[in-house]
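Here's the structure, in structure tokens; my notes come after.
Quick note: the coordinates plus some simple rules give every number you see, no bench work behind them. Computed from a predicted model, the values in this text were never measured in an experiment. Virtual Cβ from ideal backbone geometry, glycine too; neighbours counted across all protein chains shown.
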Amino acid sequence: SNPEIGSLNRTRAIMKEYGIHAKKGFGQNFLTDLNVLKNIVKAAAITKEDNVIEIGPGLGALTEQLAQAAGQVVALEIDTDLLPVLDEVLSPYDNVKVLNQDVLKADLPALIQEQFADPGRPIKVVANLPYYITSPILMGLLESPVAWSAICVMMQKEVAQRLTAQPGTKEYGSLTLAIEYRMQARIAFGVSRHAFVPAPNVDSAIVVLTPRTQPLAAKPYDEGKFFGFVKNCFAHRRKSLWNNLKPLAGKDADKQVVIQNVLAELSISPQLRPEKLTLEQFITLANQLHAQKL
Ligand code: SAM
């Protein structure tokens with residue numbers, strides 16, 4: 001029988017047989033390290049009870065490992081040239097479906113209902129992401145109404161550090177908060193660029209997102225406006241919170257006093273840099289300012 005798809009030899013043989021050249025425009029870097037592939041499946045804690053959505057199966061290296069561990073796998077691949085390859089290399093697995101779809105355009109709740117035999121089972125996303133669209137993919141997953149039981153994805157190391165950053169660090173920002181608002185994030189392990197063919201210019205890391213165990217202490221008055229507010233707070237991240245908030249008041253001195261009073265009430269020093277505030281502090285600050293019509 002064939003060696004596993006993710007082995008370097010098999011990957012090279014598949015590329016040669018089908019005349020496949022990795023497409024930069026689709027962020028194609030194929031994983032050719034079986035240890036990494038198996039550790040991704042472990043980090044996602046995949047069991048036969050799980051429905052798995054894979055984004056970008058490529059040559060099927062991760063898909064094969066997922067098929068062995070999961071109940072069912074649905075993989076979304078944008079590149080039509082890879083479909084005949086996937087059809088052939090994944091033919092030993094009857095629990096895998098490959099759909100020719102752009103994940104950014106997919107209706108995920110509908111897809112789950114249509115594609116999985118038992119859509120009520122835990123649903124996980126596992127992927128070696130195309131790096132050029134990491135943030136839009138993650139935000140699309142998090143903003144969809146699906147209750148993900150885990151999202152386990154490979155991305156550029158620097159992005160992984162931003163997703164999992166602690167307050168007070170330079171990596172901490174609006175992306176960190178957008179993730180933390182919805183799920184708990186941790187880095188499972190790092191991956192060298194040499195685990196891929198072709199090797200990208202950056203190192204990578206696996207991030208695991210799981211549902212929050214602690215509900216938020218407060219809810220923002222309006223989610224979209226709240227994240228707009230957070231972005232404004234980080235507009236000049238080397239300046240103080242006060243300098244970032246002041247534009248809310250314009251030239252109106254009374255409004256400036258209102259902002260200062262709100263900060264004082266919440267015991268937040270106006271001289272702090274925005275990166276020092278926790279998610280819950282941002283939420284209460286936004287709510288209080290809104291209550292004061294700012
Ligand atoms: N899973 C394979 C592996 O680990 O070797 C390939 C990973 S490669 C980094 C990213 C994959 O995502 C490629 O197969 C690429 O064609 C696919 N892709 C890129 N943009 C996509 C999109 N918008 N929707 C679905 N798949 C996409």
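Quick notes on this structure:
- Flagged links, alpha-carbon separation over 22 Å, of Lys24/Lys105; Lys24/Lys157; Lys124/Lys219; Lys48/Lys97; Lys246/Lys293: Lys124/Lys219
- Shape category assigned to the range 58-203 from the gyration tensor of Cα positions, a/c cut at 1.5: oblate
- Ascending count of other beta-carbon atoms within 10 Å, so fewest first, for Glu143, Glu4: Glu143, Glu4
- Once C-alpha pairs closer than 8 Å and six or more residues apart are averaged by separation and normalised to the residue number of the range 13-157, the relative contact order reads 25 percent.
- Peptide packing: for 178-185, 21-28, the average count of neighbouring Cβ atoms within 10 Å per residue gives the ranking 178-185, 21-28, highest mean first.
- Calculated from backbone phi, Karplus (6.51, -1.76, 1.60) coupling profile of the range 101-117 in Hz, x at Gly/Pro: 9, 8, 4, 6, 10, 6, 8, 5, x, 5, 4, 4, 4, 7, 9, 9, 5
- One Cα centroid belongs to the range 216-291, the other to the range 149-192; the line between them spans 23 Å.
- Karplus-derived 3J(HN,Hα), 6.51/-1.76/1.60, for each residue of the range 89-95, Hz, glycine and proline x: 5, 9, 4, x, 10, 8, 10
- Modelled spin-label separation between Asn261 and Glu114, with each label point placed 7 Å from Cα along the Cα-to-Cβ direction: 5.5 nm.
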